[in-house]
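Each value in this text was obtained by applying a stated rule to the coordinates, not by laboratory testing. None of the values given here were measured: they were computed from a predicted structure. We place every Cβ from the backbone using ideal geometry, glycine too, and count neighbours over all the protein chains shown.
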Amino acid sequence: MSRISIQDRADQMDQMQKWLKVYVGQPNIKGLEIGSHEGGSAYFLMNNILTHKTSTLICVDPWLRHPEAETVFRIKMEKFAGRVTGIRSNSFDWLIKQPISPTFDFIFIDGDHTASAILDDAILCLRLLQKTGILIFDDYLWQPKFKTTISPKIAIDAFLSCQNNLLVSFACRQAAVRFK
Ligand SMILES: C[S@@+](CC[C@H](N)C(=O)[O-])C[C@H]1O[C@@H](n2cnc3c(N)ncnc32)[C@H](O)[C@@H]1O
């Protein structure tokens, strides 16, 4: 879990709402979330962004370390009547099987925070992002003391430096990427 306060989390959700506001109330919007835990951010996205009855969210999480979180997630998502799909898998195994196609309007990456996993998620998710879509990384600045490989920042910076077709914005310790 991110070592951030509830206030930080509220600020991050506010920021996500700003980045994603064009999708509010729109039909057929497709979101993807990597790392859902108990469904806090998924619940927020469903209530505030994917508000049209045809808009959907896919959530990918292995729910391995906290299996009870999956139960909480599924109970929370019942409210959205089949519009949220929870997939029990690590992101790499699921993403690598998806046909390369601009499918999602937005993707929120908040799964495995190790640099190598973030790099995999970034590369694989970009292949699934619509041309007008937005890819949001949570916890850009998060890093446990002395463990430099557990750092979203080094992976996101490396990913961005390999791409010349992306625009990036930083806010509330998150990074949001779009195609130029
Ligand atoms: C920070 S929590 C997600 C919190 C959630 N997005 C929210 O804001 O309410 C990180 C989640 O990532 C999941 N996770 C860990 N490794 C993963 C992987 N390889 N692929 C997808 N999810 C992963 C964990 O099981 C955990 O539930």
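Descriptive notes on the structure:
- Projecting the Cα atoms of His37, Gln26, Met77 onto the charge dipole of the chain, computed from C-beta unit charges around the Cα centre, puts Gln26 farthest toward the positive end.
- Cα-centred dipole magnitude for the chain, charges only on beta-carbon of K, R (+1) and D, E (-1), debye, nearest 20: 380
- Top of Lys145, Lys53, Lys30 by mean-square fluctuation, Gaussian network on the chain, Cα under 10 Å: Lys145
- Prolate/oblate/rounded label for region 63-129 (Cα gyration tensor, a/c 1.5): oblate
- When +1 charges are put on Lys and Arg Cβ atoms and -1 charges on Asp and Glu Cβ atoms, the dipole computed for region 62-158 relative to its Cα centre reaches about 120 debye.
- Ellipsoid fit via the Cα gyration tensor, region 101-180: semi-axes of 21, 12, 11 Å, each the root of five times an eigenvalue, largest first.
- Share of pairwise Cα separations in region 6-179, more than 30 Å, in percent: 10
- Non-local lysine pairs in region 6-179, meaning eight or more places apart or on different chains, with alpha-carbon distances under 14 Å, amount to 5.
- Largest GNM mean-square fluctuation among Leu45, Leu166, Leu32, using the chain with Cα springs under 10 Å: Leu166.
- Selected from Asn90, Asn164, Asn28 as most flexible by GNM, with the chain as the system and alpha-carbon contacts under 10 Å: Asn164
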